[in-house]
Amino acid sequence: MFRYTAEILPYHDMPLEDAVRDLAEIGFTEVNLWSSASPLAHHVNPGDDPGKIRDVLDKYGMKPGGLTVYGKNQDEILERVQFAADLGIDTVIFDCEANYSDFVGSFLPPIVEAGAKAGVRIAVENHLTVPFSADFESGGNEDKRWDEGVDTFAQIKRLVRDIDDPYLGVCLAPPHMWVMQETISEVIAFLTERKRLYYYYIWDVDRAYRHGLDGLNFGPGEKQLPSPDGTLDHRYLLTELKRAGYEGAASLKCHGTHGWSMEKIGREIRRSDAYIRDAYEALKK
């Protein structure tokens, strides 16, 4: 059975301890930490004292389940692979950071090798090939998409074939699959069968999303958090995770919370958690 966890991402304007405390109060025991480029969350970074970070987590009964490092170059990711190992984290997550041929030819192999030496798996997120920018949440840049990346089912298959290594797998992001009009359950089955599903985001996309126009703008945060009336049927998808035998983390996630108060973040996370936790507990029976 998979583990139900949470991203620290929605709390990206809040101090680490405040975010961890709130997630623990909701009922989470595992959190995915972020060390990404601004404006994404960067609560922990190389140079921070791993012992102090672990002390905060231990204080609230939390384990660190992953480290997300979007918007970083190869050297910065290599640094964060070792940082993850120092924190006792076994999975580092990022997307395709270059055109596919460069990504698998020169960018990714040294990172996978470093991960193997440190005991840290590399999980590449299926991600639209829209260039990252500081204002990505407002959409745009659709006309600047790369020719190739890791955003379709076929490209996911190609990635795990081209780098056939037990330390290289995929972080599955359902909204990106939905935008590409792929069948998410098929991707779950394919990756789990091959032991290459390393991480899973419990994440939605606004029904008002405009294909070919909105790029990485998946809607306001409250529309990205799963709900019974959202775009995706998460009860079904979580059932598919269990059916496939996935045993990793399935983590509650959203973007679009910049400028939110702590009260609003907590309220919206709790609303979504009630829906997901009910489905999760039903699957455990």
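Read-outs: derived from the displayed coordinates by stated rules, not from any lab. Everything quoted here is computed from the prediction, not taken from an experiment. So basically every Cβ, Gly included, is an ideal-geometry build from the backbone, and we count neighbours across all protein chains shown.
Around Asp18, what is the net charge, scoring Lys/Arg as +1 and Asp/Glu as -1 over all other residues with Cβ under 14 Å from its Cβ? Once positives and negatives cancel, what remains is -2. With contacts taken as Cα pairs under 8 Å at a separation of at least 6 residues, the chain carries a relative contact order of 20 percent.
Rounded, prolate or oblate: which fits the stretch 144-246, taking a ≥ b ≥ c as square roots of the Cα gyration tensor eigenvalues, rounded meaning a/c under 1.5, else prolate when a/b beats b/c? Note, shape of the stretch 144-246 comes out oblate. From most to least packed by mean Cβ count within 10 Å, the peptides 25-38, 46-59, 156-169, 5-18 give 5-18, 25-38, 156-169, 46-59. Any chance you could check the Cα centroid distance between the stretch 1-69 and the stretch 168-212 for me, in angstrom? Cα centroid to Cα centroid, the span is 23 Å. Computed from backbone phi with θ = phi - 60° and the Karplus coefficients 6.51, -1.76 and 1.60, the 3J(HN,Hα) list for the stretch 244-258 is 6, x, 5, 10, x, 7, 10, 10, 5, 9, 6, 9, x, 10, 4 Hz; x is used for glycine and proline. Extension gain, Arg277 to Lys117, is 54.0 nm, computed as 0.36 nm per intervening residue step minus the present C-alpha separation. Compared with the alpha-carbon gap, the fully stretched path from Met262 to Asp18 is longer by 87.0 nm at 0.36 nm per residue. Straight-line reach from Lys242: which lysines have a Cα under 29 Å away, not including same-chain ones fewer than 8 places off? Within the straight-line cut-off, Lys242 pairs with Lys63, Lys157, Lys195, Lys223, Lys253, Lys284, Lys285.
A cut-off under 11 angstrom between Cβ atoms defines the neighbours of Ala208, and their net charge, with Lys, Arg +1 and Asp, Glu -1, is +1. Among residues other than Leu57 with Cβ under 12 Å from its Cβ, the summed charge is +1 (Lys and Arg +1, Asp and Glu -1). The H on the amide N of Ser251, modeled in the peptide plane, is under 5 Å from the matching H of Thr5, Tyr200, Tyr201, Ile202, each at least 5 residues off or on a different chain.
Residue ranges 171-178, 224-231 sort as 171-178, 224-231 when ordered by packing (mean number of other C-beta atoms within 10 Å per residue, highest first).
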